[in-house]
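Undergrad: The structure under discussion is supplied below as structure tokens; questions concerning it will follow.
The values are calculated or read from the model by the stated rules, or taken from the named source; none is laboratory data. Keep in mind it's a predicted model, so treat the numbers as computed, not measured. In this analysis, Cβ positions are derived from the backbone assuming ideal geometry, glycine residues included, and neighbour counts consider all displayed protein chains.
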Amino acid sequence: MQCGMNLNHTHEGWSIEARDFPTNRGGMCRKGWTSIALLEHPERLTAPLIRREKGGSFEAVSWDEALDFVASRFIAIQSEQGRDSVGVFGGGGLTNEKAYALGKFARVALKTANIDYNGRYCMASAAAAGLRAYGIDRGLPFPMQDIAGADTVFLFGSNLAETMPPIVQWFDELKENGGKLIVVDPRETPTARLADVHLQITPGSDLALANAMLSIAVEENLIDEEFIATRTNGFECAREVAGRIWNGYIEWACGIDEEQVREVTRMLFEGNSMFLSARGAEQHANGTETVMGFINVALAMGKAGKTFNGYGTLTGQGNGQGGREHGQKCDQLPGYRKILDPIHRAEVADHWGVSLDELPGAGKNAVDLLNSIGEPDGIRALWTMGSNLVISSPNANRVRQKIESLDLLVVSDLFMSETAQLADVVLPSMQWAEEEGTMTNLEGRVLKRNRAAAAPEGARSDLWTIQALAERLGQGDKFFPDARTTFDELRRVTKGAPADYSGISYEGIDQHDGMFWPCPDEQAENGGTQRLFLDRFAHPDGRAVFHPVEWWGRAEEPDEQYPLFFTTGRTMAQYQSGTQTRRVKELNAVAGRAWVELHPDLALELNIEHGEIVRVSSRRGAIEVEARLTDAIRPDTLFAPFHYAGQGCANLLTIPALDPISKMPEFKVCAAKIEKVGV
Amino acid sequence: MGSATTVEMKQRLAIIGNGMAGARFCAELVARGGADRFDITIFGEEPGGAYNRILLSDVLNGSREAGAIETHSLDWFARNNITLRAGEKITFIDRDEKTLTSDRGRISHYDSLVLATGSRALVPPMDGLHSSDGERKKGIFVLRTLADCDRVANYARKATRAVVVGGGLLGLEAARGLMQHGAQVGVVHRSGCLMSAQLDQSSGDMLRHQMEMMGINVHLNKATTAILGDECAQGLAFRDGTELRADMVVLACGIVPNIELARDAGFEVNKGIEVDDALRVQGDENTFAIGECAEHQGQVYGLVAPAWEQARVLALRLSGHSPDALYTGSKTSTKLKVMGVELASIGTPREAEGDEVVTYAEPSKGRYKKLIIRDNRLKGAILLGDVRKAAVLQQAFDRSTPLPDERATLFFDIGRATNDIADFPDDATVCNCNGVSAGTLRATIQEGAASVETLMAQTKAGTGCGTCKSSLKALLAAKG
């Protein structure tokens, strides 16, 4: 959501204050309050490191030596194995400028098709669904403050009270206004406890719930026929799917009471309703269809394209929105252009001054990219920036083996992350407060982070690194080492594109407390476009589209050997793969070690006590972590946070089954078992 | 576009039966990429696309339109490149030649065959089913297809007294549908317990009482021996010598698997077409059976969930997604709403010796709840009148999870103790976002913090999601 904050430095050191910014209005969680611990952190990387042979130790070298080495290895590997043998892996935490420059670097300097990013693990399903249903993907089609103005908010798969607490104030305001909150989650999370209705569904059954709700809406005539007729296409096909349920279906598939679902459906039909999703519903092999299923419900009820109504997705990563707009994705070019669209290609090639034939086509998605290592047409070298993929990828054991078999791994990071430990070359980066740059939050609001602190000697901006490497690949004149010049180019290149930034300037961002895309020049004065779809959706005919989607179950169902559902998520005090937050003392004090949550009824039977170390395993791997007993979880389900490394790495268990549309892995459910250790 | 060679490489898959199992399998196979492997043809005896048979009673009682229960329209089959032969009945399977012959004389070849022939209504042997011309008497119906539904609805409008033979799930569903058409409705049942496959005697009695309160006459322990009337049905005669007048009769005495086609082709049949865990018909690598016509480990299921579970396994296997997927049997549950009376039945309704039984009964309100427990696992449950816990119980049954020691929580939502902030121990966390304990807050108040704002500024509590601000207020008040 991006909380505004001010940093101050005095003789006593750093201090921090929450800013009265439109998103957080002075609120902040402990990740914000403790973030200054990352400034002047003793573990920061301060010199490039090279490991000259596999298994050897790192040696600090000069930047020139490191970059010369990387460039010569890239060139050598590409000349032997072809251009696509070098891959680039970005991150949703990178600024817009870096995301843009990295995408351009891959296509223009390396001329490889193979770039993707960790947002594939995060936003890809919601993005794909938004594009299909509405013709555009912006997290929320409305500003966050609109949440407080709705009558009912239907939140599926989000634990925002833990993952982005300051956003709760908008939900508090909603409730003060008499609005209702409905939360869908297999766990009784702190967010679920805020809800008026909590639907504690079976993991991985969200799409069945969506279709059941559509069926109820049709049966009870809770549909807006005029809206369907004038602003949408494809209702008949979706309605047909809704006819495929039966008495007992909801209990069978979702594990919740049908009458409760009926009440919720009626509540949503009544007034202004918002449907908000997050990873809990999206990180599934049917994540895209799940989101489309709920969009079907919203469209059938006429709850879209009007103020205080609509579907939106809540972004977790720092720049989860902006990071997916400017060309880090394997199938995409800046401004949310499509890499296979001939017109889009021509526009971008023209801006970049490259010939159309030279511009690569679509590359491999994140999971396929990593899987391709060691395969005949696979990558042999990889540069990662802002991503700790041996922690964050599904089936992490296999990913580690793949990474270890690369000819060359280059990692840009602040710290010696678990992925950096496997690298041949580590390039130290600057962090958030040490350089300026823009980010785009879930509202499509482009924000600016200012430089407040000096970087440690030896760390460099990733933009500088990109330019310096491009120089060595003979393309140095096409890149800029600073954010402002890079942003000016991003503005020019996105002009006329779906995510149009052309009217957004650093000065305008300061003036408006952030500016919303799309923002062509004529919108600059108003701060961009706050609300999308009020007159038309983004498909050429202006209509939103229903998609017939159906629930087929999970990629892996529990069985006798692995009888439980296993699901993963975030916890309050940590963030993503933990590269940063696991290095903050105050955060580790409350959540320093991994754990697994299980229901007391299950624990009793297995004779597992609160606090003991247990072994949780799936067909792919095992972790040994502390058991936490809580009746907030279903007795058939285990939960573990995914921030941790080593024996606590939850992604050792997860299944790399992919959503066929978004290529999102099924992080949120697989089959597992739990046992006592040793004894 | 596939080249000529890939088209040739595709196998021909024929599905006989376009009902709940056949259409579901077909859709799941396509969703899992099966169309890349197979050219699919599906044969349905009924005209039109596939529809949701379970919702027929909704159509009969008018709560849904016939069109609204269509699950896969003709257009759906066309869009997915599936050849649907609607209204064409397969009359013969030649296993050796791998051909199917239809009632239109068409012969088609297959490489793989899925039998999803379903079942039909059981018409028990009794006198007076037919009029003198050998046709079935007017006013006698079964309720199995959309066409049946039409006929029943049309006739019911003119009828004054309708009777349903069979007090099981299907019979009560039919009675529910008939009520809507103005006729006086009666239900006749052989045994002394309605829905005896799903209910025990106590709940059966309670259900009967409620049905009667709503104006349905329930006649138990009545074995129907004959249908009265010459050309038209005029009533029923029972073994005990009594009679019941009615001008229309709906037979809901159960279902019979459609196994004749398979049997005539030489496949092993028993009650149903026998299949193994791969859903393969005995002794034939490329022939499969799913749904109500299939018999797996001695079980023939008459419900949707098992049919869909079988369809899933077969689609996983044939699509190549998981060629080793196995079907190991289904756990059955039913849920029904009859004229506002809700009931759910999970697993077995009757306990065996040594089982733990927990019951709750409130006859005056028509509420009854029963659990049958073995080895701390749910073996069966009945919920009548209040079915809110059906979902939780069904999941506990389906996944065989251990049950809570406090059995009452399986019947009721038992509220948790309310937390009074004043009683919080010092080490309890008040602000989850910023990890501030009650002790820290008390100490800060002790040191002079007198307002919520000061507490927030000094401790950071309440600066995240803000939901603990009321607790801060309460702590300040407790102090004052």
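Residue-by-condition table, conditions (1) of a type outside the set (S, T, N, Q); (2) closer than 24 Å to B:Q310 by Cβ; (3) more than 14 Å from chain A (Cβ to nearest Cβ):
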site	(1), (2), (3)
B:R12	yes, yes, yes
B:R32	yes, yes, no
B:L55	yes, yes, no
B:S63	no, no, no
B:I90	yes, yes, yes
B:E97	yes, no, yes
B:L115	yes, yes, yes
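Undergrad: Go through segment A:642-679 and report how many residues are at pLDDT 90 or above and more than 17 Å from A:E282 (Cα to Cα).
TA: Here the count works out to 11.
Undergrad: May I ask you to list the residues in segment A:231-274 that are buried (at least 21 other Cβ atoms within 10 Å of the Cβ) and within 11 Å of B:A391 (Cα to Cα)?
TA: Matches in segment A:231-274: A:G248, A:Y249, A:I250, A:E251, A:W252, A:A253, A:C254, A:G255, A:I256, A:E258.
Undergrad: Here's a follow-up. Find the residue count for segment A:456-475, including only residues that are out of contact with any Phe, Trp or Tyr (no Cβ under 8 Å at 6 or more places or on another chain) and within 18 Å of A:G93 (Cα to Cα).
TA: Count: 5.
Undergrad: Within segment A:11-35, how many residues are more than 13 Å from chain B (Cβ to nearest Cβ) and either closer than 20 Å to A:M439 by Cα or in a helix (DSSP H, G or I) (or both)?
TA: 3
Undergrad: Tell me which of these A:W252 doesn't satisfy, since it passes every other one: (1) facing another protein chain (nearest Cβ under 8 Å); (2) under 30 Å from the mean Cα position of the chain (by Cα).
TA: Tallying (1) facing another protein chain (nearest Cβ under 8 Å); (2) under 30 Å from the mean Cα position of the chain (by Cα), A:W252 fails exactly one: (2).
Undergrad: Scan segment B:214-233 residue by residue and report those that are more than 19 Å from B:G182 (Cβ to Cβ), not in a strand (DSSP E or B) and not acidic (D, E).
TA: Scanning segment B:214-233 gives B:L220, B:N221, B:K222, B:A223, B:G229.
Undergrad: Further question: State which residue pairs qualify: first residue in the same structural domain as A:E325 (by TED's automatic domain parsing) and surrounded by fewer than 24 Cβ atoms within 10 Å (Cβ to Cβ) and inside segment A:509-525, second residue assigned to a helix (DSSP H, G or I) and of a type outside the set (F, W, Y) in any location, beta carbons under 9 Å apart, and separation of 6 or more residues or different chains.
TA: As it stands, the answer is none, since no pair meets every condition given.
Undergrad: Inspect all residues belonging to segment B:453-462 and state whether any of them is modelled with pLDDT of 90 or more, out of contact with any His (no Cβ under 8 Å at 6 or more places or on another chain), outside any loop (DSSP other than H, G, I, E, B) and under 30 Å from A:K673 (Cα atoms).
TA: no
Undergrad: Pull up segment A:592-628, narrow it to residues that are surrounded by 19 or more Cβ atoms within 10 Å (Cβ to Cβ), over 27 Å from the mean Cα position of the chain (by Cα) and within 14 Å of chain B (Cβ to nearest Cβ), then point me to the one that is farthest from A:I391 (Cα to Cα).
TA: The residue in question is A:D601.
Undergrad: Only strands (runs of 3 or more DSSP E) wholly contained in segment B:265-338 count here; list those with 2 or more residues that are within 20 Å of the chain's Cα centre (by Cα).
TA: B:294-296, B:333-338
Undergrad: Sticking with this one: Hey, B:G171 hits all of (1) surrounded by fewer than 23 Cβ atoms within 10 Å (Cβ to Cβ); (2) assigned by TED's automatic domain parsing to the domain that holds B:L207 but one; which does it fall short on?
TA: (1)
Undergrad: In segment A:289-327, how many residues are under 26 Å from A:T230 (Cβ atoms) and either within 13 Å of the chain's Cα centre (by Cα) or not in a loop (DSSP other than H, G, I, E, B) (or both)?
TA: So the count comes out to 15.
Undergrad: Go through the residues of segment A:142-161 one by one and say whether even a single one is more than 16 Å from the chain's Cα centre (by Cα) and within 12 Å of chain B (Cβ to nearest Cβ).
TA: yes
Undergrad: Consider segment B:68-85. How many of its residues are at the interface with another protein chain (Cβ under 9 Å from one of its Cβ atoms) and under 30 Å from B:S108 (Cβ atoms)?
TA: 8
Undergrad: Run down A:E282, A:E289, A:E258 and say which single residue is in contact with a helix residue (DSSP H, G or I) (Cβ under 7 Å, 6 or more places away or on another chain), within 14 Å of chain B (Cβ to nearest Cβ) and under 19 Å from A:G157 (Cβ atoms).
TA: A:E289
Undergrad: Same structure, new question: Quick one: in segment B:295-332, of everything that is touching an Asp or Glu at 6+ places or on another chain (Cβ under 8 Å) and buried (at least 24 other Cβ atoms within 10 Å of the Cβ), which residue is farthest from B:A31 (Cα to Cα)?
TA: Selected residue: B:A307.
Undergrad: Answer with yes or no whether B:A417 is modelled with pLDDT under 85, surrounded by fewer than 20 Cβ atoms within 10 Å (Cβ to Cβ) and within 13 Å of another protein chain (Cβ to nearest Cβ).
TA: yes
Undergrad: Where in segment A:413-518 are the helices (runs of 4 or more DSSP H), entirely inside, with at least 3 residues that are in contact with a His (Cβ under 8 Å, 6 or more places away or on another chain)?
TA: A:483-494
Undergrad: Answer yes or no as to whether B:F397 is under 30 Å from A:P563 (Cβ atoms), in a loop (DSSP other than H, G, I, E, B) and at pLDDT 85 or above.
TA: no
Undergrad: B:G105 - would you say it is in the same structural domain as B:Q282 (by TED's automatic domain parsing) and either touching a strand residue (DSSP E or B) at 6+ places or on another chain (Cβ under 9 Å) or free of Cβ contacts under 8 Å to residues at least 12 places away in the same chain (or both)?
TA: So B:G105 passes the test.
Residues are listed down the side, and each one gets a yes or a no for (1) of a type in the set (V, I, T); (2) on the phi < 0 side of the Ramachandran plot:
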| site | (1), (2) |
| --- | --- |
| A:T202 | yes, yes |
| A:A208 | no, yes |
| A:L214 | no, yes |
| A:E220 | no, yes |
| A:I223 | yes, yes |
| A:I228 | yes, yes |
| A:G234 | no, no |
| A:E251 | no, yes |
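Undergrad: Would a scan of segment B:424-433 turn up a residue that is crowded, with 21+ Cβ neighbours inside 10 Å and facing chain A (nearest Cβ under 7 Å)?
TA: yes
Undergrad: As an exercise: evaluate A:E605 against (1) among the charged types (D, E, K, R); (2) in a loop (DSSP other than H, G, I, E, B); (3) without any contact (Cβ under 8 Å) to a residue 60 or more places away in the chain and give the number of the one condition it does not meet.
TA: (2)
Undergrad: Out of the residues in segment A:213-230 that are among the small types (G, A, S) and either crowded, with 20+ Cβ neighbours inside 10 Å or within 24 Å of B:S57 (Cβ to Cβ) (or both), state the one that is farthest from the other protein chains (Cβ to nearest Cβ).
TA: Looking at residues that are among the small types (G, A, S) and either crowded, with 20+ Cβ neighbours inside 10 Å or within 24 Å of B:S57 (Cβ to Cβ) (or both), I get A:A217.
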